[in-house]
Every structure is written in structure tokens, then in C-alpha cells.
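The structure appears right after this line, and notes come after that.
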Amino acid sequence: MGTDAKSVRAIDPQGLPKHFDAESAEKRWDGEWQSRGTYRYDPARSREETFVVDTPPPTVSGSLHIGHVFSYVHTDVLVRHQRMRGKNVFYPMGWDDNGLPTERRVQNYFHVRCDPRAAYEAGLELEPATAKLRKKPARLISRPNFIELCHRVTQMDENAFKELWRRAGLSVDWSLEYATIDQRSRHLAQLSFRDLFEKGHVYNSDAPTMWDVDYQTAIAQAEMEDRPTPGAFYRIEFGVDGSERAFTIATTRPELLPACVGVTAHPQDDRYRALFGKQAITPLFRVPVPIFPSELADPEKGSGILMVCTFGDATDVQWWRDEGLALRQLVGRNGRLSPVSFGSEAFPSRDAEAANRYYAELVGKGVAAARQGIAQLLRDPAGSASGAAAPLQGEPEPIEHAVKFYERGERPLELVPTRQWFVRLLDKKAELLAKGEQVRWHPPFMFARYRDWTENLQLDWCISRQRYFGVPLPVWYPLDREGNPDYANTLVAEREQLPVDPTLDVPKGYDASQRDQPGGFAGESDIFDTWFTSSLTPQIGSHWLLDPERHRKLFPADIRPQAHEIIRTWAFYTIAKALLHENSIPWKHAVISGWVLDPERKKMSKSVGNTSTPMPLIERYTADGARYWSASARLGSDTALDEKVFKNGKRLATKIFNAGKFVLTQSAQVHPVRDELDRAFVAKLRALVERATGSFDDFNHAQALAATESFFWSHFTDTYLELAKLRVRDDGPGAAAGRGSAVAALRLGLSVLLRLFAPFQPYVTEEVWSWAFAQETGEPTIHRAPWPGEADFAGIEPPADPDSFDVAAACYGAVNKCKADAAMSMGRELEHMAVAANRATLAKLEPVLADLLGATRCRACERRERADLEDGVFEILDPRFAP
RNA sequence: AGGCACGUAGCUCAGUGGGAGAGCACCACCUUGACACGGUGGGGGUCGGCGGUUCAAUCCCGCCCGUGCCUACCA
């Protein structure tokens, strides 16, 4: 605002709509922003001027819910604020489309299954499966066909997300769109593997691994969860050489009895000390196994003595390794008991014939069925030559215990020895913790999630998956003369060769004819854990090794927004990657949103079926209304879906629209902000700007919104605007200057408030901004206008009395509170106050108050007592005169 | 079982070492010229409980209760 008086042309009220039509404004402005490139990142500007967002690529598995809007709006609010602070914002959007959720969606959508052995069908066109079709067995299609369908489905899903994001007003730079399955992501993921390989951080090994028997793939520790599951303790008698019934073990997995490779108890357990060093004989199968002491055995659990099987749980694996026990793998990759032959070297038995007879009852069964089967055998070993009593002691005792599941799986995980690739992390806990501490977490207590997970990490990161839709591991294995792979001398694709598909491409030094031939090579068919790729999102944005100069400008990122339940996966792996690749942190700030809870305070999730679709909410309450609800929640705190808050947000947008209309339709010779009341208002406004800016600096957008909103309603519309009305309408002699000062302050107030609201309600603020300020300031969009600050208040004198505004507000409040018939006494009371208050301030307010008192006629107040008036006035003003 | 967070009006939530707040809902009143998608006024709370520190505690400390989440828990 200039200091000279100038004429401001009022907007013609006739030219403005009566009501804010949010829906058309949303479509119109979204189109404008896209066509004008309002949110474009400028690669020419320096790192210091740039604000880099490591946007979460949403998992594109089909269904959108309001939780998506919630957390992404938090990010967008921060981003919009940074942009107005003058930052060159890098705000990409990615789609996490590779991996199991997509595969599962494709399987359901088309009712198909991938069969890697099937032949490719060129031009295969499938329609979404009908209910009728679903009753038939799923159609088997080739891996390339399956991947084609994955791409087709993700394309549809991505379009749906994009429509939502744009409607919700996310200020994403859509030229920076990517997918975790696209060419660049695949390239970078394979480069990442190559880099880790060169640095010695990855290895492959054939070892018992957590295995999902339905998906038939290995999974990582981070993807496991414990679920309370009903089970039962089976008490089973074991023999020892020379004694048929020497001791009783307790187990919840009797079906693994044929896989028993040892027996152990605590070394101090007097009940069993005499047994150590002897051979136990398993019942039914009569397999001799060593009895050894172990500190890990808990005398309190079960009977204190237990069988070690390959493999019932992680402790079994440890005993198996430490004691050098035999491997008797029973559960196959499909979760069924594999055929084995007792009496062989691997499965010795004192009575092989009986053992095989028993096992014939179990072979081919799933784990659960086998458990029932063996329980029956243990209870009644019909045909037992010895005629001995049943090995099962009593009836199984039902218990509920924690069982490990794949988070997306339906059956318990099994430990199955398979060859897998791992990233070595267990020896880097200290470095991982140090990097985690360098990141600033918002809210800070979220760091505890990261710390706890890192400290308790048990396994290296298993990164290979036996699935289809993902990034292939860029490796081959040389085949020896017998055609056996040499895993110790893996052929990793050269950097220049990447990206590759080892099932199609050929390693350096070989030609295609040598594929799967003795002396030739075999291509790896595994793909990466999807986190292996998505842990590179900062590098996918920066292009990393593909464009080192760009990388320097975009890495590390400024913020990583994400949900708290994936701190152990996404945040953890991203930090790990940045550490291993560049000894860096991936971002400076981790910004953690809470969850959306349903009205019963349950987490919204697809499986529970309590999700809300966002589009209808946006249509009912407008995008600005939905954003208001999102932004009202602090970071990290879970929030109930409450339509009342949406409604309030819509109401705020309406009020902004109407207040804007009023202010901008006032014409005047605009004078500098000159009068005491106006200067007092500006001082308040200035304090608000400081407050809101400080809140944003603290990543507390909710506080910034609350402060701005409260100021807007109570100070701006309810008080200042009402006080100003009387002055802008004053046609009396000498009123022009006062009117000018008032209009100048009104316009300044509107301009500042619009900008403070812009990150939260981008549509209505843009709409009002466009009426006059866009042209006056030369900033065509409010979203690139400068964040309010000292420049807005330059040349405006502070008020003579810092409390003037409050006095005026109190007087106005008092006038509203009491009634016109008290006007005479008001005058007296004010005079009384003036003695103690600032006489000069009051003198300036007097004309205003006189106007007010003259103008106010409130019939409702007429019933009020004179005493109430006095009490009311003193009540309001009393704190000011308190000792 | 450990860790973290939360517990404030009927609901959703702010907030602070010194007067207990907002919005919605409810009640009464007002079609005033930006706005009835509005305005004015009102009722309603031992700030989860018990101790402690302090002149003073809803706020700081301890214990307990309740809720949610994260870890751990397959003999």
C-alpha cells in the first residue's frame, strides 16, 4: 500500500455472485493453475531457495478413502505456505503400483492367476470378471500377460487418485509424476542394488526364511505381524534309550513331530539334567534325537522340556544352527507336508516301516489338517506293534497365543529354507540410530517408533520376492557343468547395462544361447520387495546417479510426510538406503500424520469396511471445507471423521467470500492507515501474522489455522468490520479522511487474512484475490503471493495505546450487550473509564461510539436492567484496571 | 509384559503455573444494506482419580484407572 492517497475503484457488487459456487470455482481454478503452471518447480533456482517434498506415493490398490485426503492435505498446507514464503517448491506425485496389492487387485478384478509357465498370448483383452465368471476357477495367464493387466489396472487407479488430488487442491507439480514400476524407478532400484552389491551390503543365502504359503514368497521382518490365534498345548511322551516313556514335552505344533531334530531343557532344570547327552526317541516315528541343555529353554513354560523341529519358530532356527542339528524340512513352499521317507539318511528311524505308515496319514496335508491328523495318531496309534498306550497325555489344552502372519496374509507364516537376497542391516544399528536422530520428527515423539524398531531389529532385510509385478533383481548365476547355479559368483548387471530383465537380457560375457545350459547362466526370476524401490523415493525425485547435478539440488529432501504405521518400513528403509548409498540422511524433517477414525473411534480400514469415500464429502462440504477438517488436526494425532467440522470449514469459506465482497465493494480516497482504531487493528493483525508464521515454523499448521480463524471471526468480521461500517458510511463533513483510513485498513486486513488462509482454503481465497488484489499487486495468483510480513505493515504507525483495539472491541461489545435505552448511561460510564484508561484513545473512539450508540436499537435488550449494564461493562474492562 | 500418546462442556477438539475456552448441538431473540451457508444473547464442565511440589496446579512430579497405537510374546 502506498503512502499517498489514491482512489480505489470499488468492485461493482452486481458483478459478483450472491453465493460462493464452490464446485464451479474448484473446477475453474484447478484448470487455471494447471494451465498457468502455478505449481511448477524451477530447476534453475538454487538449493537454498528450494523446498523439496518426498511425497508418499500412494499404494494404488483401487479404493480411495478420506484418510488419503486427510494426510495429503497436511502436506499440501505446509507446501503452500513454503511456496508463499518464496520457496521454489519441488512437490512430485508418485504412484506405488508395483507389488502385491496390485497383483491381488488384478487377480480379483479379472479373476486370473499368473502361471509363469504359460505361454504369452499376444493381444489378450480381458473384461472385468462377472459374478458368474468368478464361480469358475481362475484363468491362468502368462507372466507377461499378467504384468500387462497390472499396468492396465494401475492406470485406471492412478487416474482416480489424480482426479481426487486435483479436486482436493493439492498443489502438486504434475510434470513430476512417476510410478514405482516405471522405467526410471526400475533403473534406480537396480542401480541401488548394484551400488549395495559393490559396497558389500547385500548377500544371498539359503536359510530358513519367513514364508507365506499362500503368496508363496519370502517376506521381511517389517511385513510380519503377530495375531492372537487359538491353539492348544499337546503333551506328548518321548522315550529315551532303554525307556519308552521318559519325559513329556508340550507343543502347540504336534504336526512337526516328524521334523523333530532335538530335545532341550534348561541346564539348571533338575527334572531333566540326567537326560542331557542321551538320545531321545520320538513317539510314532521313533527317530533318535539328541537331548541338550539350553539357556533359552524356559522351565516355566509348558513342561520345561521341548522338542526342536525344523522349523517351528525362530528359536528352533537358532538351536538348529548352534547345535548343528539335522535338517528335516517337512513343510513345503505350498504349506503342505512334503513326501519324505523314514529309514533314509535324512530321516532315520528305529522303526521305519511304522514311521512311514504313520506319515502316510499326514503327507500332502496342509499344516492345520496335519495337526488334526497327528493328534488322532497320538491319541490312538492304531496298529502300533508295541501295543503301548497313546503318547498323547490327556486332551490338548486350548490356549490363545501370538502367531506370526504376513500383514496381508491369511495363514500363519512358516519357516522354509529358501535362497533369498538380503541387505545387511543388523551390524549397522548404531549408524541407523544416529541418522534417525539427525532427522527432525514432527511430532518429536514419533522418533521413538523409529528408535524402538531399529534397536529391536532381529533380521537382515530380505529383499527378494517370488512374485511377478515388480522390479527384477538384476542378477544371473553361472551354471556349472552339471547345470547347477553357482550362487557364490553372482553375475550382477553392469551399471551401463541397467535396467535389465534377467529373464530376457543376457549377462556380460555370455550370449543368449547359453541361457539355462550347463556352463552357461541362469537368470534370476525374483523381484524386489516393493520397499526396496519405494525406499528410494527421494532419489527417484532427484534422479540420483542418472543426473548428479539435479541430485545435488534435490537431495536430501526437506520433508518426508507419512503415516506412523509405516515408520518401521518406509521411513526406516529410506533412512537405511541413504545411509548405505551416501552416508546421508534422506530428508531433514519427517512429518507424521495421524489416522482418521470412524465415529466409533476405530481406525478406518478397508478390511473393517468403515471407510468413507472422499468425493461425496468434498461435493457436500466443498474442497475448502474438507481441507479445513484435515488441517484442523495436529500432526501425529488421530482424528475422528466429523462432518460438523467439514460443515464449519464450508461456513468459513462462505464467510471469507462475503467479507471479501463487503471490503472490496467499498470505494474511497484511500488514505494511509491513519486513525487510532485502524492502527490498533493493524497492530493486532501484525501480531496474528507473527503468531501464524511461528506456528508454521513449528510445523503446527493447526495452530496457525485456529489463530487465523479466531482472529477472522471475532476481530475482523464481528468487530472491526462492524465498527468500520459506521465510518465508511459517514457522509458528514470531514468524514472522507476517516473513511479512507478505514478502507485502507480493511483492504490490508482482507489481503493479509486471505493470504494466511490461502494454504488452507486455496479455492475461496483465490477467488476473492482475483477480484482486485491480483491486478493491484501484480500477483496473478494468491498462491504465489508473498506470505504476509513486515512489508505489508511498512509505514503504518503503531497505535498510541496498544490496547485501543481491545477497548474499542469491549465498548462495541458492551453496546451490543446492553441496549439503546442505556445509551445515556454509557456516555457516563465511558467518561468514568477514561480517567483510568488512556484519555486520548477514548477521545478518538468517542465519535465512533457516539455513532454506535445512536445507531444501535436493540429491542431485545430493553428488558435488561440498568445494573446488568454496569456490571457488564465493568466485567469487560475490569482486568485492565486490576492492580 | 514394555514403550509412546491421549483422557477438558452432550459431540469434535483448542489451551495455559494465577480469571476454564471454541465450533457444533440445545434454548431465546433478530429477515440490519457482505453474509439466514447469517447475527445477538443464554444454559451447560469438581479439566479421569488420588497424592506431592508451589503463596497458587487443569497445566509440573509420582502412583492408579481408562482408551488407542507401537514393540515383544508360536515350546
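The values are calculated or read from the model by the stated rules, or taken from the named source; none is laboratory data. This structure is a prediction, so every number in the text was calculated from the model and none was measured. Virtual Cβ from ideal backbone geometry, glycine too; neighbours counted across all protein chains shown. With ligands, DNA and RNA removed, areas are computed over all heavy atoms of the protein, side chains included. Shrake-Rupley method; radii C 1.70, N 1.55, O 1.52, S 1.80 Å.
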remark   = Bounding extents of segment A:489-572 in its principal axis frame from Cα atoms, largest first in Å, are 51, 33, 20
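Tell me the mean residue ellipticity at 222 nm calculated for chain A from its helices only (DSSP H runs of n ≥ 4, each -39500 (n - 2.57), averaged over every residue, nearest 500).
Values: 28 runs with 354 residues, N = 883.
Value at 222 nm, helices only: -12500 deg cm²/dmol.
Can you tally the net charge around A:Pro762? Count Lys and Arg as +1, Asp and Glu as -1, for every other residue whose Cβ sits under 13 Å from the Cβ of A:Pro762. Display every interim value, and only then the final one.
Working: positive: A:Arg28, A:Arg80, A:Arg83, A:Arg166, A:Arg167, A:Arg627, A:Arg755, A:Arg784; negative: A:Glu26, A:Asp30, A:Glu32, A:Asp76, A:Asp624, A:Glu766, A:Glu767.
Summing Lys/Arg as +1 and Asp/Glu as -1 gives +1.
Rounded if a/c is under 1.5, else prolate if a/b beats b/c, else oblate: with a ≥ b ≥ c from the C-alpha gyration tensor eigenvalues square-rooted, which is segment A:1-115?
Working: a/c = 3.52, a/b = 1.79, b/c = 1.97.
Verdict is oblate for segment A:1-115.
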Amide H partners (placed H, <5 Å) of A:Val287, local residues excluded = A:Thr282, A:Arg350
request  = Calculate what fraction, in whole %, of the accessible area of segment A:432-568 sits on carbon and sulfur atoms when a 1.4 Å probe is rolled over the protein chains.
outcome  = 48
message = Less than 17 Å from a label point 7 Å out along the Cα-to-Cβ axis of A:Ala389: which backbone N atoms in segment A:267-304 qualify, by residue?
response = A:283-284
task = Please give, to one decimal in nm, the separation of the simple spin-label points placed at A:Glu121 and A:Asn484, each 7 Å out from Cα toward the Cβ.
result = 4.0
task = Treat every Asp and Glu Cβ in segment A:630-693 as -1 and every Lys and Arg Cβ as +1, leave all other atoms uncharged, and give the resulting dipole magnitude about the Cα centre to the nearest 20 debye.
result = 120
message = What does the net charge come to around A:Phe146 if you take all other residues with beta carbon closer than 9 Å to its beta carbon, with K and R at +1 and D and E at -1?
response = -1
key: Table column - 3J(HN,Hα) (Hz), segment A:648-656, Karplus curve with 6.51, -1.76, 1.60, x for Gly and Pro   = 4, x, 5, 4, 4, 4, 4, 5, 4
ask   = Label A:Asp21 and A:Ala640 with points 7 Å out from Cα along Cα→Cβ: what is the distance between them in nm?
value = 3.7
request  = Work out how much length A:Glu198 to A:Arg184 would gain on full extension: take 0.36 nm times their residue separation and subtract the Cα-Cα distance, in nm to one decimal.
outcome  = 3.0 nm
ask   = Relative to the longest principal axis of chain A, what angle (0 to 90°, nearest 10) does the C-alpha long axis of helix A:100-110 take?
value = 90
message = Only sites in a loop by DSSP and with at most 11 other Cβ atoms within 10 Å count here; which GluC sites (Glu not before Pro) in segment A:600-688 make the cut?
response = A:Glu600
ask   = Between A:Thr59 and residues 5 or more places away or on another chain, which pairs have amide H atoms under 5 Å apart, with H built 1.01 Å from N, and which residues are they?
value = A:Asp96
key: Phi-based couplings in Hz for segment A:486-500 (Karplus 6.51, -1.76, 1.60; Gly and Pro marked x)   = 9, 6, 6, 10, 4, 9, 9, 4, 5, 3, 5, 7, 6, x, 10
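Tell me which trypsin sites (Lys or Arg not before Pro) from segment A:191-275 have a DSSP coil assignment and no more than 12 other beta carbons within 10 Å of their own.
On the way: sites: A:Arg194, A:Lys199, A:Arg235, A:Arg245, A:Arg271, A:Arg273; in loops: A:Lys199, A:Arg271.
Here the sparse-neighbourhood loop sites are A:Lys199.
For every other residue with a beta carbon closer than 11 angstrom to the beta carbon of A:Pro56, add +1 if it is Lys or Arg and -1 if Asp or Glu, then tell me the sum.
Numbers: positive: A:Arg560; negative: A:Asp54, A:Asp96.
Around A:Pro56, the surrounding residues sum to -1.
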ask   = Mean 1/r over all different Cα pairs, inverted: what Kirkwood radius does segment A:59-154 give, in Å?
value = 16.1
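Tell me whether segment A:139-211 comes out rounded, prolate or oblate; compute the Cα gyration tensor, take square roots of the eigenvalues as a ≥ b ≥ c, and use a/c under 1.5 as the rounded threshold. Before the final figure, lay out the partial values.
Working: a/c = 2.58, a/b = 1.50, b/c = 1.73.
In terms of gyration-tensor shape, oblate.
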query = With the calculation restricted to Cα positions, what are the radius of gyration and Dmax of segment A:743-813 in angstrom?
reply = 14.3, 40
request  = Compute the long axis of helix A:701-710 from its Cα atoms, compare it with the longest principal axis of the Cα atoms of chain A, and write down the angle in degrees, 0 to 90, nearest 10.
outcome  = 30
inquiry  = Please list, ordered by chain and number, the residues whose modelled amide H lies under 5 Å from the amide H of A:Ser535; skip anything fewer than 5 residues away on the same chain.
reply    = none
message = Projecting each Cα onto the charge dipole of chain A (Lys/Arg +1, Asp/Glu -1 at the beta carbon, about the Cα centre), which of A:Asn108, A:Gly483, A:Trp320 comes out farthest on the positive side?
response = A:Asn108
task = Over segment A:409-478, consider all pairs of different Cα atoms and compute the Kirkwood hydrodynamic radius from their mean reciprocal separation; express it in Å, one decimal.
result = 15.2
task = List, in order, the whole-Hz ³J(HN,Hα) value for each residue of segment A:793-803 obtained from phi through the Karplus relation with A = 6.51, B = -1.76, C = 1.60 and θ = phi - 60°; use x for Gly and Pro.
result = 10, 4, x, 9, 5, x, x, 4, 10, x, 9
query = Regarding chain A, what are the three Cα extents along the principal axes, ordered largest first, in Å?
reply = 120, 66, 55
ask   = Quick one: length gained pulling A:Ser243 to A:Leu296 fully straight, 0.36 nm per residue minus the C-alpha distance?
value = 16.4 nm
key: Label-point separation in nm, A:Ile399 to A:Thr665, each point 7 Å along Cα→Cβ   = 7.7
task = Compute the acute angle (0 to 90°) between the alpha-carbon long axis of helix A:367-379 and the principal axis of greatest extent of the alpha-carbon atoms of chain A; round to the nearest 10°.
result = 50
